[in-house]
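Data first, discussion second: the structure below is written as structure tokens.
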Amino acid sequence: MSVCRPVARCLLSTSAANPSSAALRIAPHRIRCFATTPRSNDTKRPKQLDPAKSFRPYTEEEKAALKAYYTPEQIAAIEAAEAAIAPRDLEKQTKVRTDPWRVTYPDDFTTIDPLLDFQPKPEVTSAPSLYLKTDEEWYSETAQKLQDPRTTEELFAQVQRSKSLPAHVKENALKLKKHIGTQKETAVRVMLGKLIPNKTTPKVQSEQDHEELAFTKRLGLDPDDPLWLVGGKGKELMLDESASALAPEIPKFDDPRVRWPTSDEDDPAAAAMKQVSLVTGYSLQELRQLKTKILSNHRVVNQTRMGKIQSIYCLSIAGNGKGLLGIGEGKSAEGSEAARMSTMAAIRNMKPIPRYEDRTIYGEVKGKVGAAEVTLSSRPPGFGIRCQHLIYEMCRAAGISDLAARVTRSRNPMNVAKATYEALMSQRLPEDIARARGKKLVDLRKVYYAGHVH
């Protein structure tokens with residue numbers, strides 16, 4: 001007995017008065033619920049890297065290739081940083097990611113990914129010909145083009161070929177080519193028209209004229225108006241999509257199987273599987289390996305003026321067991337068709353679920369749909385999935401092995417499944433919280449134990 005313990009407390013304690021009271025303690029009540037088998041001690045470790053193969057020194061060819069991307073100062077910094085890190089530490093603390101949304105390595109980030117990166121906007125170069133003309137300039141240019149339909153380039157070519165003009169006049173006139181595409185082009189055309197009068201000869205249309213006429217018609221402009229004949233630099237500006245303020249066209253699938261159902265009448269399940277494979281991008285083998293489950297199945301009735309129309313309603317889930325989970329609904333007159341519709345909808349709706357250490361969730365989250373309220377809590381390794389059967393099936397499909405859940409108020413199966421999915425998707429990641437607070441997050445267990453925390 002410790003001398004620091006008060007004497008009065010020792011004399012008045014229940015154990016001192018009744019030594020056998022410790023043996024009469026009632027064991028706490030154990031809740032009977034679903035639970036997975038605790039993990040054994042021989043859990044598989046993450047795949048380690050071989051330092052002799054993965055962290056070998058650079059060869060002369062690799063150093064020459066690095067010089068094409070980095071400056072000598074950057075290469076020296078890279079070599080100093082690699083020399084400061086021991087290969088033994090990299091061997092222990094490095095893990096190979098196998099999740100489907102990992103970044104493709106090695107990647108020097110020199111190219112722009114159309115899906116992951118933001119597309120840079122092209123710089124708009126200010127052209128001298130792009131300006132708002134006044135009414136007087138527009139009317140004078142219209143009248144001049146109607147009187148002389150020759151282009152400015154044709155006028156300069158006729159001046160250069162002319163034999164009647166003096167040499168100094170030709171030289172001064174050809175110096176005015178720099179004003180093509182500017183506000184002074186109209187005045188230059190008037191002066192050149194006086195030097196070379198217009199001869200009313202029928203113009204033979206070339207292939208370029210036919211292309212400009214067809215391009216003008218495609219834009220919806222009037223081809224009879226000489227002002228709307230788009231060609232040259234105007235055509236290049238029209239064809240440049242980066243300089244356009246219009247949104248790009250919606251892509252169209254050339255594969256008719258994406259827009260129309262397949263003609264596989266013998267096996268509708270196989271036809272639906274092929275359709276989902278084309279839409280989602282998963283192969284048929286990957287779709288067959290997914291974990292699917294029907295959580296709710298009951299009959300519904302729709303009252304119309306023609307009477308009561310009965311149908312079967314199904315709610316299904318789908319997941320790959322590695323962080324993907326989807327929920328889908330289907331309704332049809334046949335039970336098998338409703339189950340197939342809900343399963344395919346669940347596969348199409350699969351989304352990544354955040355998982356801590358690939359086994360539990362981040363903290364405690366809540367979800368509410370209708371009158372059903374669900375509370376999910378993270379648990380340590382080996383705890384299992386202790387919750388009702390609906391949440392248990394969803395956790396197994398998503399690859400969650402340690403979780404505790406509580407459903408309050410309504411126990412409606414449809415609302416409970418939807419509330420659970422909403423709660424799983426509403427997790428707040430520690431990285432996002434740290435970034436919002438302007439802090440840097442470091443997991444000490446991953447640093448000191450190389451992520452081996454199971």
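The values are calculated or read from the model by the stated rules, or taken from the named source; none is laboratory data. Just so we're clear, the structure is a prediction, and the values are computed from it rather than from any experiment. Reconstructed Cβ throughout: ideal geometry from the backbone, glycine too, with neighbour counts over all protein chains shown. Just so you know, the surface numbers come from the protein's heavy atoms only, side chains and all, with ligands and any DNA or RNA stripped out. Shrake-Rupley method; radii C 1.70, N 1.55, O 1.52, S 1.80 Å.
Worth a mention:
- Options Leu165, Leu146, Leu174: the member that is open to solvent by less than 60 Å² (accessible area, probe 1.4 Å) and under 59 Å from the mean Cα position of the chain (by Cα): Leu174
- Pairs with Cβ under 8 Å, 6+ apart, first in region 162-184 and over 16 Å from Thr152 (Cα atoms), second in a helix (DSSP H, G or I): Leu165/Val159; Leu165/Ala173; Leu165/Leu195; Val169/Leu195
- Of the residues making up region 313-358, just one is among the acidic types (Asp, Glu) and at pLDDT 95 or above, namely Glu329.
- Checking Lys291, Lys308, Lys274 one by one, the residue that is touching a residue at least 40 places away in the same chain (Cβ under 8 Å) and open to solvent by 80 Å² or more (accessible area, probe 1.4 Å) is Lys291 and no other.
- Among residues of region 427-439, those that are in contact (Cβ under 8 Å) with a residue 24 or more places away in the chain and open to solvent by 60 Å² or more (accessible area, probe 1.4 Å), counted: 1
- Filtered by the rule that a residue be touching a strand residue (DSSP E or B) at 6+ places or on another chain (Cβ under 9 Å) and among the basic types (Lys, Arg), region 296-336 gives Arg299, Lys308, Lys331.
- Taking (1) among the aliphatic types (A, V, I, L, M); (2) outside the structural domain of Tyr313 (by the TED database); (3) touching a Ser or Thr at 6+ places or on another chain (Cβ under 7 Å); (4) farther than 21 Å from Asp99 by Cα in turn, Ala434 satisfies each apart from (3).
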